[in-house]
Amino acid sequence: SNKAAEGAAKAEEELDELENKANFLLAGIPNLLDDVVPDGTDDTENEEVLSWGDAADLPKELGWPDDFEAKWHDDVASGLNGYQAEAAVKISGSRFVALSGKIAQLERALAMYFMDLHTETHGYTEVSVPLVVGRTALEGTSQLPKFQEDLFAITQESHTCNGEEAYLIPTAEVPVTNLHRESILEESDLPLRYVAWTPCFRAEAGSYGRDTRGLIRTHQFGKVELVKVTTAETSDEEHEALTKDAEACLQALKLPYRKVRLCSGDVGFSARHCYDLEVWLPGAQEFREISSCSNTGDFQARRMSLRYRPAPAPAAKGGKKPKKPKPQLCHTINGSGLAVGRTLVAVLENYQMPDGSVVVPEVLRPYMGGKEILKADS
């Protein structure tokens with residue numbers, strides 16, 4: 001009867017609404033933490049794993065006078081006529097910066113060096129990915145629904161992604177990890193190692209009034225991102241290796257840093273275990289995060305249905321052919337290798353000279369046309 005059909009349709013509608021509410025609530029539950037993660041409430045309780053280099057080493061090598069007070073990176077860049085903050089604000093508003101001349105070239109040199117190091121030495125495959133992604137991709141890597149206010153949304157009148165809301169990427173982790181969404185990979189093809197250099201866009205909704213100076217916290221910044229897809233058995237080992245690959249960038253630049261294991265109160269939503277690399281900034285006289293390297297376990301893979309088929313067991317002599325193994329969830333790992341803008345900050349502050357010039361780190365000189373020193377008049 002019509003009454004029964006209407007009742008069934010209403011029940012179906014109510015069920016859909018309840019399922020949507022349940023899925024939304026479930027999507028807001030963070031990852032379970034690895035046993036190695038220390039208990040703590042905030043970043044003051046993170047555990048220092050190691051420190052590399054000494055803050056006094058580069059000043060000694062460069063011959064800084066004992067009474068020299070290092071400048072902030074924006075003052076150094078301005079002295080080299082390469083920092084156009086006011087022009088960028090006129091164009092785009094606060095937390096945008098424009099670089100020019102030698103400073104823009106130095107930023108590009110850093111990104112190119114990192115990409116070459118990771119592809120030629122560390123065994124990553126370079127990928128070029130879209131900078132605009134749909135809602136499903138962001139749900140897969142767990143930026144949505146929890147962190148919607150930190151994203152730059154594109155109006156639906158302007159563009160949609162397969163009919164979904166579209167967003168600028170907050171990190172290349174999103175499109176790179178989603179390259180294999182809804183896939184079943186073969187165990188023999190794992191681990192997959194990818195590297196991408198992209199601009200990233202973040203609204204920084206929760207950071208009002210913090211880090212308003214310079215390049216530390218901007219709405220748009222370049223980042224070289226490392227992503228791995230692994231099996232459960234190898235994910236811890238691959239996480240350690242990825243972190244070391246990021247550390248190699250800092251070591252090659254001779255930048256002092258420390259490696260910390262994030263405590264339970266500071267670790268990100270999707271990570272089960274995370275290391276932060278914090279670089280020394282002599283102008284600001286503090287360590288600042290330059291890379292976060294996270295093992296998300298199967299948290300992201302479960303959301304994006306990313307699985308692999310284990311290698312079949314060898315057939316016993318004269319026995320039955322073994323059953324085809326069932327697909328298992330992959331593990332995903334990601335980290336910055338490195339954040340290019342913050343590395344530029346660290347190079348400008350650590351390699352500045354009292355006369356306002358900046359010594360070019362040795363490994364970057366081939367990418368700078370052989371330049372060894374950057375001066376305002378050169």
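The values are calculated or read from the model by the stated rules, or taken from the named source; none is laboratory data. If you're wondering where the values come from, they're calculated on a predicted model, not measured in any experiment. Here the Cβ is made from the backbone with ideal geometry for all residues, glycine too, and neighbour counts use every protein chain on show. The protein model used for the area step is the full one, side chains on, heavy atoms only, and it has no ligands, DNA or RNA in it. Shrake-Rupley method; radii C 1.70, N 1.55, O 1.52, S 1.80 Å.
Does G283 satisfy the condition of being part of a loop (DSSP other than H, G, I, E, B), in contact with a Lys or Arg (Cβ under 8 Å, 6 or more places away or on another chain) and either modelled with pLDDT of 95 or more or over 30 Å from K326 (Cα atoms) (or both)? In short, yes.
Restricted to the range 247-280, and to residues that are among the charged types (D, E, K, R), assigned to a strand (DSSP E or B) and in contact with a helix residue (DSSP H, G or I) (Cβ under 9 Å, 6 or more places away or on another chain), which residue is farthest from E139 (Cα to Cα)?
Looking only at the range 247-280, we keep the residues that are among the charged types (D, E, K, R), and these are 247, 254, 258-259, 261, 266, 272, 276, 278.
Among the residues that remain, those that are also assigned to a strand (DSSP E or B) are: 258-259, 261, 276, 278.
Filter again for in contact with a helix residue (DSSP H, G or I) (Cβ under 9 Å, 6 or more places away or on another chain), leaving 259, 276.
On the way: K259: 29, D276: 24 Å.
If we take residues in the range 247-280 being among the charged types (D, E, K, R), assigned to a strand (DSSP E or B) and in contact with a helix residue (DSSP H, G or I) (Cβ under 9 Å, 6 or more places away or on another chain), then K259 is farthest from E139 (Cα to Cα).
I'm checking my understanding of the structure. Among residues of the range 233-246 that are touching a residue at least 40 places away in the same chain (Cβ under 8 Å) and open to solvent by 10 Å² or more (accessible area, probe 1.4 Å), which one is nearest to D276 (Cα to Cα)? Taking the candidates together, the pick is D245.
Checked against the criterion of being of a type in the set (F, W, Y), closer than 30 Å to E61 by Cα and open to solvent by 10 Å² or more (accessible area, probe 1.4 Å), the candidates F269, F287 yield just one match: F287. Between A27, A22, A70, the distinction of being of a type in the set (G, A, S) and over 26 Å from F299 (Cα atoms) belongs to A70 only.
If you go through the range 179-205 and pick out every residue that is in contact (Cβ under 8 Å) with a residue 60 or more places away in the chain, of a type outside the set (F, W, Y), within 27 Å of R95 (Cβ to Cβ) and touching a strand residue (DSSP E or B) at 6+ places or on another chain (Cβ under 8 Å), you end up with 4.
Just one of the listed residues (A70, A104, A137) is within 25 Å of the chain's Cα centre (by Cα) and under 25 Å from D377 (Cα atoms), namely A104. E17 satisfies every condition listed in (1) touching a helix residue (DSSP H, G or I) at 6+ places or on another chain (Cβ under 8 Å); (2) at pLDDT below 95; (3) over 30 Å from Q352 (Cβ atoms) except (1).
Quick one: how many residues across the range 338-369 are over 18 Å from K60 (Cβ atoms) and open to solvent by 50 Å² or more (accessible area, probe 1.4 Å)? Total meeting the criteria: 4.
Please pick out the residue among L329, L277 that is open to solvent by less than 20 Å² (accessible area, probe 1.4 Å), within 28 Å of the chain's Cα centre (by Cα) and in contact (Cβ under 8 Å) with a residue 40 or more places away in the chain.
Sole residue among the options that is open to solvent by less than 20 Å² (accessible area, probe 1.4 Å), within 28 Å of the chain's Cα centre (by Cα) and in contact (Cβ under 8 Å) with a residue 40 or more places away in the chain: L277.
Scanning the range 280-326 for residues that are among the charged types (D, E, K, R) and touching a residue at least 60 places away in the same chain (Cβ under 8 Å) yields R288, D298, R303, R307, R309. For a quick check of your reading of the model, give me the residue pairs whose first member lies in the range 104-126 and is acidic (D, E), whose second is outside any helix (DSSP H, G or I), with beta-carbon atoms closer than 8 Å and at least 6 apart or on different chains. Here the result reads E107/L99; E107/G222; E126/Y194; E126/V195; E126/A196, each pair linking the range 104-126 to a residue that is outside any helix (DSSP H, G or I). Scanning the range 170-182 for residues that are part of a loop (DSSP other than H, G, I, E, B) and open to solvent by 30 Å² or more (accessible area, probe 1.4 Å) returns R181, E182. For the range 323-330, check the following and say yes or no: at least one residue is in contact with a helix residue (DSSP H, G or I) (Cβ under 8 Å, 6 or more places away or on another chain) and modelled with pLDDT of 95 or more. Yes, the range 323-330 contains at least one residue that is in contact with a helix residue (DSSP H, G or I) (Cβ under 8 Å, 6 or more places away or on another chain) and modelled with pLDDT of 95 or more. Listed by position, the helices (runs of 4 or more DSSP H) enclosed by the range 62-168 that each have at least 3 residues that are within 28 Å of N178 (Cα to Cα) and open to solvent by less than 50 Å² (accessible area, probe 1.4 Å) are 101-120, 135-140. Go through the range 10-49 and give me each residue that's open to solvent by 90 Å² or more (accessible area, probe 1.4 Å) and touching a Pro at 6+ places or on another chain (Cβ under 9 Å). Listed by number, the list holds a single entry, F24. Looking at A27, A22, A85, just one residue is of a type in the set (A, V, I, L, M) and under 24 Å from the mean Cα position of the chain (by Cα), and that residue is A27.
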